[in-house]
Amino acid sequence: LLLLVVALVASLMLFPIYWMVMTAIMPSEMILSRNPSLVPDPSRFSLASFYAVFESGSYLRWLLYSIIVALCSTLASMVIAFLAGYSLSRWTTPSHQFLGGSLLISKIIPGALIIIPFFVVYVQFGLIDSYLGLVLVNMTIGVPLATWMLKGFIDRIPQEIDQVAKLDGCSEFQLLRLVIIPLSAPGLAAVSIYLVIVSWSEFIFARTLMQSEEKRVLTVGLQSFMGEHLVDWPHLMAAGTISLLPLIVLFVVLEPFLVSGMTKGSLAN
Amino acid sequence: MGSSVRRRKIFGYLLLAPAVAVVVLLILYPLLQTVELSFRQGRSMSLSQIRNLPIGLANYGYVLSDAAFWNSLRVSLWYVTLSMGIAFLTGLSTAMLLNQKVPLRRLWRTAILIPWAVPGVIASIIFVWMFDGSYGVVNAVLRTLGVFESGPNWFIDRNTALVAMIIPTAWKAYPLITLSLLAAMQSIPDELYEAARSDGANRFQLFSHITWPGIRSVAMLVSLISALWIMRDVDINLATTRGGPSRSTETLALYVYNEAFQNFRIGPAAAAGTLMIVVAMMITIVSVWAIRRDKF
């Protein structure tokens with residue numbers, strides 16, 4: 001009975017995603033029916049909407065831009081956050097921890113607000129429509145988040161290992177490169193995935209800073225469909241499915257680390 | 001020896017320096033600029049001239065006498081409270097379910113947490129489609145159950161739009177709560193439950209005397225973090241209703257955004273945003289103080 005309840009709850013929570021996929025593969029006369037069947041007849045499924053999405057050049061372009069922005073934002077944030085996370089884990093003087101705590105201020109700043117000064121400055125320096133500009137703004141979210149999550153992971157590497165490595169003649173840099181990085185590799189992977197998901201989802205910055213139509217990223221592109229008077233739902237749902245699929249795969253990989261990483265990272269302090 | 005200790009200390013700060021630079025240059029400095037912009041009164045044709053405007057409180061006067069600002073404050077209050085309430089109850093009940101010894105627990109946990117990874121824009125698209133007035137699956141199900149004949153046009157009707165917007169928000173917010181509460185529940189030792197059961201405690205007593213005290217501080221903390229997220233997020237708001245119809249779903253964060261980028265009133269937007277941060281800071285400080293006091 002317990003199993004049944006859990007299964008029921010899980011399917012209820014996942015129903016929106018299920019329905020998105022169903023809408024993408026159902027023929028349109030079934031979609032535009034007053035009483036759609038919750039479990040449509042599989043023999044009538046078609047992948048036509050997916051072909052249509054891939055044939056429209058703009059979707060592939062959005063996808064590519066989203067991938068580039070996500071990878072650059074993640075890489076840039078990770079390098080900075082790894083050093084900071086290590087630093088916060090091993091140096092525990094009050095002034096040090098105060099500096100670390102100041103990173104958390106990003107938690108209360110609305111994206112809709114912080115984007116205003118960025119917009120004003122970017123207009124003056126011609127950074128509107130520049131992916132570099134977008135990556136910089138994304139780092140305001142990525143760096144603080146990743147720093148605290150990585151601190152949690154690095155905390156679990158015993159400090160005795162550092163001492164032993166030092167006695168063996170490791171310099172500070174060698175210690176980082178030969179000991180800390182390999183030992184925190186799972187943490188680094190988990191936090192990177194987390195940041196890719198965050199950057200992939202980011203909407204408000206990209207919408208505001210990427211003004212020209214041909215520079216849109218995925219979330220902005222998908223949303224632009226919604227403003228149209230007649231929305232082509234199967235097409236949009238197919239596009240949504242393709243956009244979401246990589247995230248779900250990444251999430252399943254990430255999930256075992258989340259319990260420790262996310263709760264420590266976002267709840268610490 | 002002394003110099004090597006000092007060198008090590010400097011090295012520690014060097015490692016932290018890039019992150020602090022990001023915070024100072026990309027968060028604190030823009031934030032100060034926002035505060036400055038909020039005092040620059042009058043209109044300017046070009047953004048590069050905006051910082052030559054005279055200093056004054058006109059933007060704050062404008063915002064505080066703008067009915068739309070107070071309206072957005074009210075909308076935000078409802079939006080945050082109701083989304084948070086639904087998300088918390090969902091998170092608590094799913095955490096309690098997953099805390100049971102159920103087969104394939106790992107699989108269920110992953111499944112129940114997935115909505116967290118869905119981008120706000122995609123969640124918005126899905127829910128707008130599901131809650132479509134004519135072809136939406138939600139109305140179809142409700143019609144079949146005999147709740148009504150035709151059903152509302154959820155996101156377009158001003159009486160239901162806010163409710164419709166709350167649902168995807170809660171859907172995206174509950175997994176973090178589930179995850180945190182589950183972790184807290186699993187750190188409660190089983191012996192406590194066994195001892196209470198042998199004393200004849202019922203399920204409700206087990207919850208109120210053992211589970212709840214064990215998860216309370218985590219529950220308060222995760223509620224604070226989720227509420228702050230819901231308060232500052234505009235993705236779902238912007239991708240579903242854009243604040244409409246007739247501002248009935250315009251939250252405070254969206255008011256700030258619309259003032260700046262739709263009405264091109266940068267000064268008032270900065271003023272409203274500054275007020276919003278002050279409120280968020282006060283809420284945070286009071287809550288953190290309450291949580292700390294509760295803990296020790």
Helices (runs of 4 or more DSSP H) wholly inside the stretch A:156-213 containing at least 3 residues that are over 26 Å from A:Ser58 (Cβ atoms): A:159-167, A:185-201
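In the stretch A:68-88, what residues are among the hydroxyl-bearing types (Ser, Thr, Tyr) and either touching a Cys at 6+ places or on another chain (Cβ under 8 Å) or at the interface with chain B (Cβ under 10 Å from one of its Cβ atoms) (or both)?
A:Ser77, A:Tyr86, A:Ser87
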Among the residues in the stretch A:112-126, are any part of a helix (DSSP H, G or I), of a type in the set (Ser, Thr, Tyr) and under 30 Å from B:Ile50 (Cα atoms)? yes
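Yes or no: B:Ser4 more than 8 Å from chain A (Cβ to nearest Cβ), assigned to a helix (DSSP H, G or I), touching a Ser or Thr at 6+ places or on another chain (Cβ under 7 Å) and at negative phi? Before you say what the answer is, go through the steps one by one.
Values: more than 8 Å from chain A (Cβ to nearest Cβ): yes; assigned to a helix (DSSP H, G or I): yes; touching a Ser or Thr at 6+ places or on another chain (Cβ under 7 Å): no; at negative phi: yes.
No; evaluated as a whole, the condition is false for this residue.
Name every residue in the stretch B:79-118 that is of a type in the set (Phe, Trp, Tyr) and either farther than 30 Å from B:Ala253 by Cβ or in contact with a His (Cβ under 6 Å, 6 or more places away or on another chain) (or both), in order of residue number.
Step one: of the stretch B:79-118, the residues of a type in the set (Phe, Trp, Tyr) are B:79, B:88, B:108, B:116.
Of everything in the stretch B:79-118, just one residue is of a type in the set (Phe, Trp, Tyr) and either farther than 30 Å from B:Ala253 by Cβ or in contact with a His (Cβ under 6 Å, 6 or more places away or on another chain) (or both), namely B:Trp108.
Return the residues of the stretch B:140-163 that are within 30 Å of B:Trp108 (Cα to Cα) and at pLDDT below 90; say none if nothing qualifies. If you could, list the steps in order and put the result at the bottom.
Within the stretch B:140-163, the subset within 30 Å of B:Trp108 (Cα to Cα) is B:140-142, B:144-145, B:163.
Correct list: B:Ala140, B:Val141, B:Leu142, B:Thr144, B:Leu145.
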Under 8 Å by Cβ, and 6 or more places apart or on different chains, what pairs join a residue from the stretch B:103-129 that is over 21 Å from A:Val198 (Cβ atoms) with one that is of a type outside the set (A, V, I, L, M) and not in a helix (DSSP H, G or I)? B:Val128/B:Phe155; B:Trp129/B:Gly136
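Going by what's in this entry, would B:Ser226 be described as over 21 Å from A:Pro117 (Cβ atoms) and within 19 Å of the chain's Cα centre (by Cα)?
Values: over 21 Å from A:Pro117 (Cβ atoms): yes; within 19 Å of the chain's Cα centre (by Cα): yes.
The answer is yes for B:Ser226.
Looking at the stretch B:1-40 only, could you name the residues that are of a type in the set (Lys, Arg) and touching a residue at least 24 places away in the same chain (Cβ under 8 Å)? Explain how you work it out, then say what you get.
Our first condition is that a residue be of a type in the set (Lys, Arg); within the stretch B:1-40, this holds for B:6-9, B:40.
Residue satisfying the conditions is B:Arg40 alone.
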Per-region count, the stretch A:157-203, residues under 17 Å from A:Ala81 (Cα atoms), touching a residue at least 60 places away in the same chain (Cβ under 8 Å) and charged (D, E, K, R): 0
Please work out if B:Gln205 is surrounded by fewer than 21 Cβ atoms within 10 Å (Cβ to Cβ), within 9 Å of another protein chain (Cβ to nearest Cβ) and not acidic (Asp, Glu). no
Options B:Arg216, B:Arg242: the member that is touching a residue at least 60 places away in the same chain (Cβ under 8 Å) and either over 19 Å from B:Phe131 (Cα atoms) or basic (Lys, Arg) (or both): B:Arg216
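From the list A:Ala146, A:Ala112, exactly one residue is facing another protein chain (nearest Cβ under 10 Å), over 18 Å from A:Leu83 (Cα atoms) and touching a residue at least 40 places away in the same chain (Cβ under 8 Å). Which is it? Can you show your working first?
On the way: A:Ala146 fails: over 18 Å from A:Leu83 (Cα atoms).
That would be A:Ala112, the only listed residue that is facing another protein chain (nearest Cβ under 10 Å), over 18 Å from A:Leu83 (Cα atoms) and touching a residue at least 40 places away in the same chain (Cβ under 8 Å).
For the stretch B:79-95, give me each residue that is more than 18 Å from B:Ala161 (Cβ to Cβ) and either among the basic types (Lys, Arg) or surrounded by fewer than 18 Cβ atoms within 10 Å (Cβ to Cβ) (or both).
Of the stretch B:79-95, the ones more than 18 Å from B:Ala161 (Cβ to Cβ) are B:84-85, B:87-95.
Once the filter is applied, which keeps residues that are more than 18 Å from B:Ala161 (Cβ to Cβ) and either among the basic types (Lys, Arg) or surrounded by fewer than 18 Cβ atoms within 10 Å (Cβ to Cβ) (or both), the stretch B:79-95 yields B:Gly85, B:Leu89, B:Ser93.
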Test: A:Ser212 is of a type in the set (Ser, Thr, Tyr), more than 30 Å from B:Arg242 (Cα to Cα) and surrounded by fewer than 15 Cβ atoms within 10 Å (Cβ to Cβ): no
Search the stretch A:115-143 for residues being facing chain B (nearest Cβ under 7 Å) and free of Cβ contacts under 8 Å to residues at least 24 places away in the same chain, and hand back the single one that is surrounded by the fewest Cβ atoms within 10 Å (Cβ to Cβ). A:Gln124
Scanning the stretch B:4-63 for residues that are hydroxyl-bearing (Ser, Thr, Tyr) and at pLDDT 85 or above, which turns out surrounded by the most Cβ atoms within 10 Å (Cβ to Cβ)? B:Thr34
All positions within the stretch A:188-223 that are of a type in the set (D, E, K, R) and within 13 Å of chain B (Cβ to nearest Cβ): A:Glu202, A:Arg207, A:Arg216
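In the stretch A:242-261, which residue that is at the interface with chain B (Cβ under 7 Å from one of its Cβ atoms) and modelled with pLDDT under 85 is surrounded by the most Cβ atoms within 10 Å (Cβ to Cβ)?
In the first step, residues of the stretch A:242-261 are kept if they are at the interface with chain B (Cβ under 7 Å from one of its Cβ atoms); the result is A:243-244, A:247-248, A:251-252, A:255, A:258-259.
Filter again for modelled with pLDDT under 85, leaving A:255, A:258-259.
Details: A:Glu255: 21, A:Leu258: 24, A:Val259: 16.
If we take residues in the stretch A:242-261 being at the interface with chain B (Cβ under 7 Å from one of its Cβ atoms) and modelled with pLDDT under 85, then A:Leu258 is surrounded by the most Cβ atoms within 10 Å (Cβ to Cβ).
Run down B:Thr249, B:Thr284, B:Thr240, B:Thr211 and say which single residue is in contact with a Gly (Cβ under 8 Å, 6 or more places away or on another chain) and either modelled with pLDDT under 90 or more than 9 Å from chain A (Cβ to nearest Cβ) (or both).
On the way: B:Thr284 fails: in contact with a Gly (Cβ under 8 Å, 6 or more places away or on another chain); B:Thr240 fails: in contact with a Gly (Cβ under 8 Å, 6 or more places away or on another chain); B:Thr211 fails: in contact with a Gly (Cβ under 8 Å, 6 or more places away or on another chain).
On inspection, the qualifying residue turns out to be B:Thr249.
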So B:Leu224 clears everything in (1) over 20 Å from B:Trp70 (Cα atoms); (2) more than 10 Å from chain A (Cβ to nearest Cβ); (3) aliphatic (A, V, I, L, M) except one condition, right? Which one? (2)
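Residue by residue through the stretch A:124-173, note down the ones that are of a type in the set (Val, Ile, Thr) and more than 21 Å from A:Thr92 (Cβ to Cβ).
First, the residues of the stretch A:124-173 that are of a type in the set (Val, Ile, Thr): A:128, A:135, A:137, A:140-141, A:143, A:147, A:154, A:157, A:161, A:164.
Scanning the stretch A:124-173 gives A:Ile128, A:Val135, A:Val137, A:Thr140, A:Ile141.
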Scanning the stretch B:260-275 residue by residue, those within 9 Å of chain A (Cβ to nearest Cβ) and not hydrophobic (A, V, I, L, M, F, W, C) turn out to be B:Gly273, B:Thr274
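The values are calculated or read from the model by the stated rules, or taken from the named source; none is laboratory data. Computed from a predicted structure; not experimentally measured. We place every Cβ from the backbone using ideal geometry, glycine too, and count neighbours over all the protein chains shown.
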